[in-house]
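To start, the structure under review is shown below, and the notes come after it.
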Amino acid sequence: MSAPATDEGGGAAALRLAPAELPQASLRRALLRRLIVQLLVLSSASGLAAYSLLYAPAMQAFDDALADAALSIAPYVHSNQDRTELDLSPQAERVLRYDRRDRVYYVVFDRSGRPIAGELDLPAPAGGPPAAGVRYYDAIYRGQAVRAAAISHAVNGAPYDIVVAETMHKRDRLNLEIAAGVLLPALFVAFGALVIVRRAVTEGLRPLEALRRDIAQRAPADLHPLPTIHSALELQPLVREFNQLLGRLRDANTAQRRFIGNAAHQLRTPLAALRTQIELALGEGDEAARAAYLRHCRAAADRMGRLVNQLLALSAAEPGGRGENAMRRDDLAALLADAAPAWIARAQSHDFGLELEPAAVVCDRLLLQEAVGNLVDNALRYTAPGSSVTLRCGERGGVPYVEVEDDGDGLVLQEMERVGERFYRPADSPGGGSGLGLAIVREIASRHEAHMQVGRGAGGRGLKIELRFPAAAASAA
């Protein structure tokens, strides 16, 4: 674990974990956690809804029974001008009070609100009985919770009130039965759903596990694409992107192997020649001959330096060499004008001309200057002193272009077809070349999606090599 960072004041700052030390979240656990929480919430909500739908009608049935009991007392109430009394026989009272689980109480109030029969201390409803209908209320009587129903009635125009109450035992029992009847099936369904969800998540993640095993079992050098035909639909975009990454790695690996092979092949001969010249110089006693050998060594070192620079340029031009972030909007005329002084300095023995017109392209500035520099160097190297070499850029029909034209001897058709091949040089080419210049140009042109065209110069003489950039790139720029 990394050491805790400290602020400038010397106090310890919050401990930071390196990316490799951060806790790794499990997709399987995250899916199960979210699904289980949602299932539990859904089960709880459905259980509460079912409980409410069952509880309210059951309690209303008990309340209706209390109201019926109160109404059954009304025919036994008699009133005259002086007093109201209840004429309820003992048998009728036993029937009224009979209940297997609860105790039933009643009280009758006269017109003045004075209890005249029944449990005289039974609490009356707050605000009194309703003028019409039934009022239900809860109270505490003799240390127990009771549910009561109060009604108002009249006999011979004299009003009176009746209250019937009962304890809550059967209500509580029914409440427990309803809760159990709702909760137990809900728990069973929730448990079954958890098992199903766990199995479904495990089965659903199996293609991802198979993909992981496929990648884990691969050899480091195996960069072939992963099969997509058996992949789940949701995994196919991931597999495609991974295959594209493998393709880029394969291209970079191929380019690296090719670069190493080219470098070894091309450096072997000049290194052997340099070693031979050094051994001859060491064994030579004549100072003039030794100086000649040393001059050959310096020339060989210069050729190797140029070869190494060209190999590095070729490596940078290949896919993945410099990355896509090096591509920027630029103007061909300004880009070539910046590099022109170096080309003019090398063209002292030629008639070198510049015809630069503005043209916008999206390019890698350094690579494009390298490509045009190789075209100019190729024209100067393979034409006689005094020959004309012209560098042009601009737009034709909205298409940006760069071309280098000379009036030298040119190439035959068969040689034009092979221009751009690595290490290819025409049979009558002067010494000193490596055959990589135009190969570098072709690679850089491919990097810019440009077309390299080789043909005759003006009047059918010499050689003209043109790079045509896509018009879409110029429009996007």
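The values are calculated or read from the model by the stated rules, or taken from the named source; none is laboratory data. Computed from a prediction, not measured in an experiment: that's the story for all the values here. Cβ: placed from backbone, ideal geometry, glycine included. Neighbour counts: every protein chain shown.
All conditions but one from (1) over 41 Å from the mean Cα position of the chain (by Cα); (2) of a type in the set (V, I, T); (3) loosely packed, with under 13 Cβ neighbours inside 10 Å apply to V146; the one that does not is (3). Go through the residues of segment 196-209 one by one and say whether even a single one is surrounded by 14 or more Cβ atoms within 10 Å (Cβ to Cβ), hydroxyl-bearing (S, T, Y) and either in contact (Cβ under 8 Å) with a residue 24 or more places away in the chain or within 30 Å of V77 (Cβ to Cβ) (or both). Looking for residues that are surrounded by 14 or more Cβ atoms within 10 Å (Cβ to Cβ), hydroxyl-bearing (S, T, Y) and either in contact (Cβ under 8 Å) with a residue 24 or more places away in the chain or within 30 Å of V77 (Cβ to Cβ) (or both), one finds none in segment 196-209, hence no.
Scan segment 95-107 and tell me whether some residue there is at pLDDT 85 or above, out of contact with any strand residue (DSSP E or B) (no Cβ under 6 Å at 6 or more places or on another chain), surrounded by 14 or more Cβ atoms within 10 Å (Cβ to Cβ) and not hydrophobic (A, V, I, L, M, F, W, C). Looking for residues that are at pLDDT 85 or above, out of contact with any strand residue (DSSP E or B) (no Cβ under 6 Å at 6 or more places or on another chain), surrounded by 14 or more Cβ atoms within 10 Å (Cβ to Cβ) and not hydrophobic (A, V, I, L, M, F, W, C), one finds at least one in segment 95-107, hence yes.
Within segment 164-180, residues that are more than 18 Å from S52 (Cβ to Cβ) sit with their Cβ atoms under 7 Å from residues that are among the acidic types (D, E) and not in a helix (DSSP H, G or I), at 6+ positions apart or across chains, in these pairs: E166/D99; E166/D102; T167/D102; H169/D102; K170/D102. Looking across segment 43-91, the residues that are touching a strand residue (DSSP E or B) at 6+ places or on another chain (Cβ under 6 Å) and within 30 Å of E177 (Cα to Cα) come down to D63, L66, A67, A69, A70.
The residues listed here are E209, E177; of these, the one that is of a type in the set (D, E), under 29 Å from L39 (Cα atoms), assigned to a helix (DSSP H, G or I) and within 21 Å of the chain's Cα centre (by Cα) is E209. Of all residues in segment 385-431, those satisfying the criterion of being at pLDDT 90 or above and either assigned to a helix (DSSP H, G or I) or hydrophobic (A, V, I, L, M, F, W, C) (or both) are V389, L391, C393, V399, V402, V404. Condition check: among the small types (G, A, S) and over 19 Å from A61 (Cβ atoms). Does A124 satisfy that? Considered against the rule, which asks whether it is among the small types (G, A, S) and over 19 Å from A61 (Cβ atoms), A124 comes out as yes. Report whether or not I260 is over 15 Å from E443 (Cβ atoms), touching a helix residue (DSSP H, G or I) at 6+ places or on another chain (Cβ under 7 Å) and modelled with pLDDT of 65 or more. So I260 does not fit the description; no. Scanning segment 71-82 for residues that are closer than 20 Å to I151 by Cβ and of a type in the set (D, E, K, R) turns up nothing. Based on this model, can you work out whether T254 counts as surrounded by 12 or more Cβ atoms within 10 Å (Cβ to Cβ), of a type in the set (V, I, T), out of contact with any Cys (no Cβ under 9 Å at 6 or more places or on another chain) and within 18 Å of R29 (Cα to Cα)? Criteria not met by T254. Suppose we keep only residues that are part of a helix (DSSP H, G or I) and in contact with an Asp or Glu (Cβ under 8 Å, 6 or more places away or on another chain) within segment 317-331. Which one would you say is modelled with the highest pLDDT? In this case the residue turns out to be A326.
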